[in-house]
Amino acid sequence: MNDALAGRAGSPVAATPTPAAPRDPPAETDLHSAAGEGFASAAMAEIIDRSFHAGVARLTAGISPAAVAGAFLDWGTHLALSPGKWAQLQHEAWQGLLRHAAYASRVAAQGGEAECCITPMAHDRRFAAAPWHATPWNLMHQGFLLTEQWWRVATT
């Protein structure tokens, strides 16, 4: 038997090697010692994650992107499993497109002035100013309102 592997001459070989003494993790504030552990050290990873999450929170006003994605996925799944609603939304989209095209034709035929094809909701004052009723802004705000109406139907 090899004496280097055995505890002493004639004794059986140790079945498992002796583990090395555990090292203390680097302190969170000691980045220089953490850098010696590699880029993926716990302290560095936490600093990167916190900085990234703070930036995302500023961009999303504190709303979790995961929560928004989950809600959108939930809505999309329900919509995909509702062929009647799907057909209704297609019909609404075509109706809105035809209304907008007819409005654009009237605007062109009447020299830029025509009765709107959709009016904003009572509390909506976004398009009350006179410039919104001049070409091309009238076509844009009418298209926006029709799209907004479609999304209201899609999400209720």
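The values are calculated or read from the model by the stated rules, or taken from the named source; none is laboratory data. If you're wondering where the values come from, they're calculated on a predicted model, not measured in any experiment. Cβ: placed from backbone, ideal geometry, glycine included. Neighbour counts: every protein chain shown. Ligands, DNA and RNA are excluded from the accessible area calculation, which covers all protein heavy atoms including side chains. Shrake-Rupley method; radii C 1.70, N 1.55, O 1.52, S 1.80 Å.
Accessible area per residue (1.4 Å probe, heavy atoms of protein chains only) ranks F72, F127, F144 as F72, F144, F127, with the largest value leading.
Taking all protein chains together, H53, H133, H141, H123 sort by accessible area into H123, H53, H133, H141, largest first [probe 1.4 Å]. In units of the compact-protein estimate 2.2 N^0.38 Å, the range 55-113 shows a Cα radius of gyration of 1.85. Maximal additional length on extending the R50-L98 stretch stands at 12.3 nm, based on 0.36 nm per residue less the C-alpha distance.
R106 accessible area, nearest 10 Å², 1.4 Å probe? Accessible area, nearest 10 Å²: 90 Å².
Set the Förster distance to 30 Å, then compute FRET efficiency between Q88 and T60 from the Cβ-Cβ distance, nearest 0.05. Taking R0 as 30 Å, the efficiency between Q88 and T60 is 0.45. Of the whole protein surface, T135 contributes about 80 Å² of accessible area at a 1.4 Å probe radius. Among the protein heavy atoms, those of M140 account for about 110 Å² of accessible surface (1.4 Å probe, every chain in place).
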